[in-house]
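J.: I have a structure here, written as structure tokens, and I will follow up with some questions on it.
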Amino acid sequence: MAISVVLLTTALVIVVALLAAAGAGKLARMDGATYPTALTRAATAFAAVITLAAAVTAAVAAIFT
């Protein structure tokens, strides 16, 4: 049971990170950025979402332990 919750949560976080990255890349291209710049912005957004999820997980783990 616990493993399935962890896997589903991980999958959800990755999907949200990919959606944020796609949105950031699309907005960058609409703003007139070159493809490398848009890719950089998308990668930054992806990393930010993953980092935020890790920080929230650490904070929640610290509260409940």
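The values are calculated or read from the model by the stated rules, or taken from the named source; none is laboratory data. Predicted model only: the values in this text are computed from it and were never measured. Heads up, the Cβs are rebuilt from the backbone with ideal geometry, glycines too, and the neighbour counts pull from every protein chain shown. Please note that ligands, DNA and RNA were not included when accessible areas were found on the heavy atoms of the full protein model with its side chains. Shrake-Rupley method; radii C 1.70, N 1.55, O 1.52, S 1.80 Å.
J.: Out of the residues in the stretch 20-65 that are outside any helix (DSSP H, G or I) and of a type in the set (Val, Ile, Thr), state the one that is farthest from LEU8 (Cα to Cα).
T.: Per the stated criteria, the residue is THR34.
J.: Considering every residue within the stretch 21-37, establish whether at least one is open to solvent by less than 70 Å² (accessible area, probe 1.4 Å) and in contact with a Phe, Trp or Tyr (Cβ under 6 Å, 6 or more places away or on another chain).
T.: Taking every residue of the stretch 21-37 in turn, at least one turns out to be open to solvent by less than 70 Å² (accessible area, probe 1.4 Å) and in contact with a Phe, Trp or Tyr (Cβ under 6 Å, 6 or more places away or on another chain).
J.: Could you list, in sequence order, all residues of the stretch 9-18 that are free of Cβ contacts under 8 Å to residues at least 40 places away in the same chain and either under 14 Å from ALA47 (Cβ atoms) or surrounded by 14 or more Cβ atoms within 10 Å (Cβ to Cβ) (or both)?
T.: First, pick out the residues of the stretch 9-18 that are free of Cβ contacts under 8 Å to residues at least 40 places away in the same chain: 9-12, 14-18.
Within the stretch 9-18, ILE14, VAL16, ALA17, LEU18 meet the criteria.
J.: So the check is Cβ under 6 Å with 6+ separation or different chains; which pairs have a first residue in the stretch 50-65 that's within 23 Å of ALA21 (Cβ to Cβ) and hydrophobic (A, V, I, L, M, F, W, C) and a second one that's in a helix (DSSP H, G or I) and open to solvent by less than 70 Å² (accessible area, probe 1.4 Å)?
T.: Filtered contacts from the stretch 50-65: ILE50/ALA17; ALA53/VAL13.
J.: Quick check, is VAL6 among the hydrophobic types (A, V, I, L, M, F, W, C) and either modelled with pLDDT under 95 or over 10 Å from the mean Cα position of the chain (by Cα) (or both)? Break it down into steps so the answer makes sense when it comes.
T.: Numbers: among the hydrophobic types (A, V, I, L, M, F, W, C): yes; either modelled with pLDDT under 95 or over 10 Å from the mean Cα position of the chain (by Cα) (or both): yes.
When the stated conditions are applied, VAL6 passes them.
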